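Working notes for the structure below.
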Amino acid sequence: MTGEGVLRLAVLLTILVMLTSWLPIGSPLYVLDDLDERREQIGGGGTLEQQCSSITFEDMFEYSSAIFDITISEDWNSAEVEGVAWVNDSLADVVRDALDEYVAAVYPSGDDDWMSTDEREGVRAIASECVEHTLTRIGIRGGSPHRGGVGTSWKNTTWTEDQVTVEEWNLVPARHSEIRDCTSFGSSSDCVEVPVFPDENRDCDTDIDASSGADECRLILWLNASLDLSGISGPEQFTIAYNASNSSNIVARFTFPATADLRLDMWEECEGRDVSADRDDFAGSAPIRGSCVGDGSSTYELIENEDGSLTYIIAPNMPNWPYGEDIFADFTTAPIPVDEPPEWTESAPADGIRFAELTSGSQWVADWDDISTWFSDEAGVASLDIRCHDGEGDIELNRNSLYVNVPGDGSINIFTCEAIDSANQSSGVRSWEIGIPFSVSTSSYDLLDPHPLTLTPSGGWPGLSIWVILSQPGEDGGYQRNGPYTLGQAEVELGIPSSAMTPGEVSFGFEIEAEGVQTSFASVYLNVRKVGEAPTIVVNSEGWDGDSWSMGGQFSDPDGEVVTFEQYIDGALAGSVAVSGNSWSSPAIDFSVWSEGVHTVVIRGCDESNMCASVERAVDNSHLFDEPEPVEPEPTVNNDPGFSLPAMGLPGLLLAASVALIYSGRRGLRT
């Protein structure tokens, strides 16, 4: 390459570098965002199996009503499932919209608010494969009756691999008034599409007159599948469980092989648990068998078929929509047991025992979780009639909890309870007492450490062992258990440690133990609050940096609360204070833009209890306005006969480079 060529190349490269340094360069992040969005469409990132394994069939298809027939095989190792679901009115729009999003992972035209005949094939394939990995809601386990819970995974049925098929009718209505040819690139020649949300006329079948009132946009779904049953080998004794959470208008029909003497031993509707894939025990501890008190949102029926088989039908129905509900049915071939009277258990309070309360009036004694452990019966505790009385008459269970009147005059109330079964057989009566063993008072409504309490015995009670519990609401509230303290027949003055409490209201509870007294917990309202202390703020550094002034330091809060800071200049909020650990620093304040004189800078810190502290500095910026002494310039000698020019800047540089390029080209022409 000639010298002129080298020069021209260098000039071009220089221009290119300068231009690109001035141009913004971006990344097409929208592509990544689009991929992330698609990964979230079925249930999160990962494979299809991972995404579908935490949902149910109902999560994929929000139907109006459905019927599922589950037929158990002769060897009890599998079951055939046939289901049909009707999706009516606006629910059909919701399902089409959801499927339009799902299919976007396969078809680029997906998630465009239109459902096409091409996408319909993808919907069928994706739906069938996804359902194969979903939760079945069904558990069948042989052996002793159970109610799930910790250590018992009753959801032991799974869909058989490659044996799940989902079909649909009317996903893309052929006579839709808004039907059109597909507009997406790559669509098949006969592809048509309809909007997932029809217009206000909802004319999804032009052959049907609107006056007929027919639901022209409805969908029908069919499910044909097989279930693997790994938890049962025969009919002698087994529990079948169905999770009906958030299910409505469903009929599930289980048909068992013809089995001699097969009967339903117990059926229960248990509230409060929901389908959840992130808890191995599926929502907590199990209820006691026979103790569930249902809300009536589900019903059951048994049908003896002509071939000797038994069909068990359950129906969770609206309007009582179960939020969290398990339905348990225990089947057995064992003879029906003799109907024995209900019995008291070892968990029940002993006859003649005394209950301690600290507040008069109607007081809670036990809830259903407690009462259900007091009795046993072959038909279940929930089938029993629990009857309680005191001197004033019958005591009605309030929401299955026992409330008893506590006298306020120091006397004792006697009450009794018994359980009656369907044959009017009684467990026998137990008699108990309830009263107030002591009163509690304090000399300070501001919490002290230790805090003074006075316990005054009521008389007629044995010596008591007492734990005093201080507590506060919320996750960050304090909790402190102190004791035990002994209370006899004389008044006692106590000093209760309270170092664990944070500013705010403090509750006082008492655990009471004594011979002949039911170990119990009672609380009393004392209107005691802990008053917070203000944080401590110190200044470690302050000073000027040119025209700017700043300061910084450390802080602490005696109550361990979060401290927030504000900066004020001459009484006005100005700037934010930076906090790192237990250190703080003010922003640099440019006092050259402020008026000359003394300015007041205040740093104010407040904790979560609104206890505040501040530090203040008077800053004089007068020196910034002093006139500098004039400096005589040194004489300079300019030996350049010419004159100097200012720098030409980027435009001038580009112009000069272009001229040089043109000039070098012309020189090349002359040679």
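Read-outs throughout are calculated quantities, based only on the coordinates presented, and are distinct from any laboratory measurement. Fair warning: this is a prediction, and the values are worked out from it, not measured in the lab. Using ideal geometry, Cβ is built from the backbone for each residue, glycine included, and neighbour counts are taken over all protein chains shown.
The charge dipole of the stretch 489-542, taken about its Cα centre with unit charges on the Cβ atoms of Lys, Arg (+1), Asp and Glu (-1) only, comes to about 220 debye. Sorting 197, 375 from the fewest to the most surrounding beta carbons within 10 angstrom yields 197, 375. Assuming charge only on the beta carbon of Lys and Arg (+1) and of Asp and Glu (-1), the dipole of the stretch 438-530 about its Cα centre is about 80 debye to the nearest 20.
Note on the stretch 561-604: Cα convex hull, mean projected area over all directions, 3.5 nm². Once the chain from residue 94 to residue 548 is taken as fully extended at 0.36 nm per residue, the excess over their C-alpha distance is 157.3 nm.
Under the convention that each Lys and Arg Cβ holds +1 and each Asp and Glu Cβ holds -1, the size of the dipole of the stretch 45-304 around its Cα centre is about 1180 debye. On the principal axes of its alpha-carbon atoms, the stretch 444-558 has extents of 81, 26, 21 Å, going from largest to smallest. Normalised by 2.2 N^0.38 Å, with N the number of residues, the alpha-carbon radius of gyration of the stretch 45-304 equals 1.15. With a cut-off of 10 Å between beta carbons, the residues surrounding residue 344 carry a summed charge of -3, where Lys and Arg count +1 and Asp and Glu -1.
Both the radius of gyration and Dmax for the stretch 343-424 are 13.2, 43 Å, in that order, over alpha-carbon atoms.
The convex hull drawn around the Cα atoms of the stretch 536-625, when projected onto a plane and averaged over every direction, covers 5.6 nm².
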